[in-house]
Number of protein chains: 2
Amino acid sequence: MAGEPLVVGIDFGTLSGRAVVVRVRDGAELGSAVHEFPHAVIERELPATGERLPADWALQEPEDWLEVLRTAVPAAVADAGVDAAEVIGIAIDFTASTPLPTLADGTPLCALEEFRARPHAYAKLWKHHAAQEQADRINALAEEREEAWLPRYGGRISSEWEFAKALQILEEDPEVYDAMDRFVEGADWIVWQLCGAETRNACTAGYKGIFQDGAFPSADYLAGLDERFAGFVAEKLEGPPLAPLGARVGSLTAQAAAWTGLPEGIAVAAANVDAHVTAPAAQVTGPGQMLMVMGTSTCHIMSADSVAEVPGMCGAVLGGIVPGLWGFEAGQSGVGDIFAWFVDNAVPPRYHEAAAERGVDVHTHLSELAGEQQVGAHGLVALDWNNGNRSVLVDHLLSGLIVGLKLSTRAEDIYRALIEATAFGTRTIIEAFERAGIEVRELFVAGGLLKNPVIMQIYADVTRRALHLIDSEQGPALGSAMHAAVAAGAYPDIHAAAAAMGKVRRDVYRPDEDRAARYDRLYEHYVRLHDHFGRGGDDVMHALRRADQEAPVL
Amino acid sequence: MAGEPLVVGIDFGTLSGRAVVVRVRDGAELGSAVHEFPHAVIERELPATGERLPADWALQEPEDWLEVLRTAVPAAVADAGVDAAEVIGIAIDFTASTPLPTLADGTPLCALEEFRARPHAYAKLWKHHAAQEQADRINALAEEREEAWLPRYGGRISSEWEFAKALQILEEDPEVYDAMDRFVEGADWIVWQLCGAETRNACTAGYKGIFQDGAFPSADYLAGLDERFAGFVAEKLEGPPLAPLGARVGSLTAQAAAWTGLPEGIAVAAANVDAHVTAPAAQVTGPGQMLMVMGTSTCHIMSADSVAEVPGMCGAVLGGIVPGLWGFEAGQSGVGDIFAWFVDNAVPPRYHEAAAERGVDVHTHLSELAGEQQVGAHGLVALDWNNGNRSVLVDHLLSGLIVGLKLSTRAEDIYRALIEATAFGTRTIIEAFERAGIEVRELFVAGGLLKNPVIMQIYADVTRRALHLIDSEQGPALGSAMHAAVAAGAYPDIHAAAAAMGKVRRDVYRPDEDRAARYDRLYEHYVRLHDHFGRGGDDVMHALRRADQEAPVL
């Protein structure tokens, strides 16, 4: 094996970074290592001062990310038992949108003594939801002005994205805003640290930075939000042309080589978003193939030859997943999170005891009980909005609903209904694509939930599609490694890299006609509830959020 | 105290009979005893044969009831430490409708060797729900013929009542039907055993036997249901005039005196229904006063000077609660049952552990946590139909719903929302009365739930009414004892008996204006959901029941 070219992929998640050493020839994952972020997610108080953060804030400390380069990369190489000299390229993927304010040289403002105590000087993690007010105004003005980019995002941009977060800084801490020379995604910032040059990758800029048809939103539009915001793009965002995915954006600097133990000068690829980069790892690089990355939430990723405006999608971006194709992203904001909420908050002791006796976790125990049921036997339908709806309604304030509860309803009944609800949610997304003319021929699955056969079978039956499962435990890092291989010139493009290095088990779950027919009938109920509560028939979910907020603190 | 006149009241419940010895002068409860029915509720299989019973069946063995006379009455007298010779009267109340087929002399068919193996020969407990098909046809024909009695029952009679149960016997076991000379309520059958004469009390006949304006349904109408059913009333039901409540229907026979140890010849009063008889025990004997008997379900009882047709009530019966007044009954089919379902099926281990550590039950622990919340803080609204809706929709096939679920929703949030849902259900009933012109000025509470201060305060706030609580642990038996006192001539009427013997604590819970105003807003949501799912806007609840039934058995 000695002398075979290797690449390193690094996946920066919400709580940790994972480095994987991969063989270029066949994608074999030779070694890996994880580094947990010491500060994890900064949600309650700022570590530097103890200052209490407002609700919905979520920050990160960029120094935590650098530690991944210094510790996880050498550890992965050691774990692989290979010679670091064989590594020919490195690439990373990152959560998004997770932007941070920096000086012109890339120094994070939060690293400066004078801004250490200022919350807005830190990186805003994707799940920082405190810029909703800004997002609302961004959407309202864009709609009013009929900005051409708005339909590319299903008619609504998210409070999680760059512009809402930047506008929040401007309005809440103008000194930080003035001091920041650059507003850069964590993905691109890490690449900057690796190769010494600022870049912006096409994926994050397209999906989270409102970059469409070769431009960010206009100064004129931005001035309409706030006069002081007019120069945001020109002064703090724009730079060299966007870097296509798989492009070599530079070479590993001496400093980064010292951090990582990798050879100086090897290829550094454009960064990527964690969900999107998983597609080639599952050999999903062509039109008609949808990848579902199913974990706490689900991200739906697919490519098409042409653009279409799909209502309620998260984004359509040219080259956003595969260069040359339009990449589409949709999502469900709560999936595994809902099941976890249920197990933690609504499952009585006897199930915990039975699971412990059997030596399995409660999810496994409940899944097996739920799996024994016939479709419809529990008499329940649920809406999967316990964490809001990301697609197709794009409404964070929606909430979960269960109907059909009886005195005989058991925990496994509700558990199954919740699984089914998320499967129905996926079906609404597939149908929205197909109504917009984008055929969804094949379904691929990555993410932790693929290990649960009951969930998988329900998804196959509800969607009437066979499920192909990624055959890697570290899809994002493997996908990054594949982009590193392309950037290093080992493959002509990501299609070739995916064919050689990607890993998928096809047709692991196939739909059953009888169950699918029964699900068709339950799905009709889901759709009617979905439209009634999600499209204004009954605004109770929004009203309940207001009641919640109006209740005085005790 | 020696020589003071006493009475005995016996409350026949679903699982046991309770006898109480009461002092006539002031209602003091001097002693009591309970006898559990050995056969409890016969739901799964017939004890005589092991035959499996179909779904929704619920039978009782009348011999179990007689045991109450033989054991609980002497035990109560012993517990009171009084001389049985001082007892001047006895009265009973019973679940309803719980009819049984008998020979002309009162012998239950199930006591005959030849019918021992026939399920239809046994008493059908109130919660026997297997005659729904018959009830549906009874209602359809009554509606078609515009039977004058139908509106008195809110436009729909229940499958729990006498006629549906009798028709089921006729259709499913005509031999039992032919062999039965009388079809008699358990209430009246026990009185028959006490005084040796068959009677029918005005309360059970009115509420459960469709006796209105001096008559049962006509032979012509009955023939429309089934030719063979035409003679049901004339042959198996009708007898002497109905006995008004508090009337002396006879004297204790020598045999019954031997069973009970009470003096032969003392007054035996007309029987009563358990919920209704509780009203005078709480001093509820006048118009404008509603009694809520709150336990596993809630029964709403009130009297008025004139009759009104209140949509979805269980019944309006002249003299049904208090002679001379129109008595109204409404109900919620799941209240404490829903809270019990929740605690058994949806509360995670840490609450059970915390309650055990504190030495309280889980209901108490959850109630206290729920009680700390501001109105609306949990952001939830529920429909309280987990056991169907008895009033005002009269639809057993409706089911429970929760909306507003979030990843932050906790067990105490849902618990509180369920309590609130039942309070909203009561408010819909109060409003239905008031829309029909029957004012509900005062609310009285009896039943086990009155011990829960959180539930009580929520009801006060939701209904904007002070709550008066019965001050007796054995309301039905006390109410029966009061009727025994009237029957024995110790008081001229039930009003006088209630004033002297009844027990109530007034204004124990008062509504808070701020909370009531917040509940008004939540209630608007409840009403909209109630009407949408209960009045045909979305028929999903019925469809889910069908899906449930269609699912093949595994």
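The values are calculated or read from the model by the stated rules, or taken from the named source; none is laboratory data. Everything quoted here is computed from the prediction, not taken from an experiment. We place every Cβ from the backbone using ideal geometry, glycine too, and count neighbours over all the protein chains shown. For accessibility, only protein heavy atoms count, side chains too; no ligands or nucleic acids. Shrake-Rupley method; radii C 1.70, N 1.55, O 1.52, S 1.80 Å.
Sorted shortest first, the distances from the B:E353 label point to those of the same residue in the other copies are 1.5 nm; each point sits 7 Å from Cα along Cα-to-Cβ.
Restricting the count to DSSP beta bridges whose residues both fall in the protein assembly as shown, what percent are antiparallel, rounded to a multiple of 5? For the protein assembly as shown, the DSSP antiparallel bridge percentage is about 70. Span-like helix check, chain B: qualifying full DSSP H segments, with Cα axial length of 24 Å or more and mean Kyte-Doolittle of 0.0 or more, are B:411-435.
In this label model, B:D531 and B:T364 are separated by 4.3 nm, measuring between points 7 Å along each Cα→Cβ vector.
Give the relative contact order (percent, whole number) for chain B; include only Cα pairs under 8 Å separated by 6+ residues.
15
As a calculated quantity, the FRET efficiency between A:L397 and A:E353 at R0 = 45 Å, using C-beta atoms, amounts to about 0.75. Quick check: the distance between the Cα centres of segment A:86-113 and segment A:429-475, to the nearest angstrom? Between the Cα centres of segment A:86-113 and segment A:429-475 lies a distance of 33 Å. Taking chain B as the region of interest, the number of lysine pairs whose Cα atoms are within less than 19 Å, with members eight or more places apart or on different chains, is 9. Projecting each Cα onto the charge dipole of chain B (Lys/Arg +1, Asp/Glu -1 at the beta carbon, about the Cα centre), which of B:N452, B:T98, B:G196 comes out farthest on the positive side? Projecting each Cα onto the dipole axis, the largest value belongs to B:N452. Element breakdown for segment B:447-554 at a 1.4 angstrom probe: carbon and sulfur atoms account for 48% of the accessible area.
Our note on the geometry: Cα centres of segment A:53-81 and segment A:198-212, 22 Å apart. For chain B, the 222 nm mean residue ellipticity estimated from helices alone, with every DSSP H stretch of n ≥ 4 adding -39500 (n - 2.57) and the total spread over all residues, rounds to -11000 deg cm²/dmol. Remark: segment A:400-408, residue by residue, has Karplus-estimated 3J(HN,Hα) of x, 9, 10, 10, x, 5, 10, 5, 9 Hz, where x stands for each Gly or Pro and the curve is 6.51 cos²θ - 1.76 cosθ + 1.60 at θ = phi - 60°. Pairing chains B and A buries close to 4500 square angstrom of accessible surface in total, based on protein heavy atoms and a 1.4 angstrom probe. In this structure, the amide hydrogen of B:S16, modeled 1.01 Å from its nitrogen in the peptide plane, lies closer than 5 angstrom to those of B:F37, counting only residues at least 5 positions away or on a different chain.
For the protein assembly as shown, the solvent-accessible area of protein heavy atoms averages 34 Å² per residue (probe radius 1.4 Å; ligands and nucleic acids excluded). What you get for segment A:336-386, charging only the Cβ of Lys and Arg (+1) and of Asp and Glu (-1), is a dipole of about 120 debye around the Cα centre. Residues of segment B:319-347 losing 40 Å² or more of accessible area relative to the isolated chain, 1.4 Å probe, heavy atoms only? Buried by the other chains: B:W341, B:N345.
What shape does segment A:463-530 take by its C-alpha gyration tensor, where a ≥ b ≥ c are the square roots of the eigenvalues and a/c under 1.5 counts as rounded, a/b above b/c as prolate, and the rest as oblate? Because a/c hits 1.5 or more and a/b exceeds b/c, segment A:463-530 counts as prolate. Peptides B:297-309, B:408-420 ranked from most to least packed give B:408-420, B:297-309, packing being the mean of other C-beta atoms within 10 angstrom over each peptide's residues.
Along the charge dipole of segment B:1-88, pointing to its positive end and built from +1/-1 on Cβ of Lys, Arg, Asp and Glu, which listed residue (B:P5, B:A76, B:I42) has its Cα farthest out? Value computed over the given set: B:P5.
If you roll a 1.4 Å probe over segment A:78-164 with all protein chains in place, what percent of the accessible area is carbon or sulfur? Working shown, then result.
Values: 1490 of 3140 Å².
Looking at segment A:78-164 in its full context, I get 48 percent from C and S.
Contact order for segment A:171-286, expressed relative to its length and based on alpha carbon pairs under 8 Å spaced 6+ residues apart, stands at 30 percent. Subtracting the Cα-Cα distance of A:E473 and A:K451 from 0.36 nm times their residue separation leaves 6.9 nm of extension gain. How high is the FRET efficiency from A:D26 to A:R546, r the C-beta distance, R0 56 Å, rounded to 0.05? It comes out at approximately 0.50.
Take every pair of alpha-carbon atoms less than 8 Å apart whose residues are at least six positions apart; their mean separation over the length of segment B:421-554 yields a relative contact order of 25 percent.
Charge dipole (Cα centre; +1 on Lys/Arg Cβ, -1 on Asp/Glu Cβ; no other charges) of chain B amounts to roughly 1300 debye. Here the Karplus relation 6.51 cos²θ - 1.76 cosθ + 1.60, evaluated at θ = phi - 60°, turns the backbone of segment B:220-236 into coupling constants of 4, 4, 5, 4, x, 7, 6, 3, 6, 8, 4, x, 3, 5, 5, 8, 10 Hz, with x for every Gly and Pro.
Of the solvent-accessible surface of segment A:215-297, computed with a 1.4 Å probe and all protein chains present, 53% belongs to carbon and sulfur. Rounded if a/c is under 1.5, else prolate if a/b beats b/c, else oblate: with a ≥ b ≥ c from the C-alpha gyration tensor eigenvalues square-rooted, which is segment A:1-112? Here segment A:1-112 falls in the prolate category. Rounded to the nearest 20, the Cβ-based charge dipole of the protein assembly as shown about its Cα centre (Lys and Arg +1, Asp and Glu -1) stands at 100 debye. For A:G239, the point set 7 Å out from Cα toward Cβ sits 9.7 nm from its twins in the other copies, listed from shortest up. Take A:G288, move 7 Å from Cα toward the beta carbon, and the resulting point lies 7.8 nm from the same point in each other copy, nearest first. Label separation (A:D226 vs A:E264): 4.3 nm, computed from points 7 Å beyond Cα along the C-beta direction.
When the other protein chains are added to the chain by itself, burial of at least 30 square angstrom of heavy-atom accessible area (probe 1.4 Å, ligands and nucleic acids ignored) affects these residues of segment A:518-532: A:R518, A:H525, A:R528, A:L529, A:H532. FRET efficiency for the B:E439 to B:E235 pair, using the beta carbon distance and R₀ = 45 Å, is estimated at 0.60.
In terms of the mean number of neighbouring beta-carbon atoms within 10 Å, the peptides B:271-281, A:140-150, B:527-537, A:479-489 order highest first as B:271-281, A:479-489, B:527-537, A:140-150.
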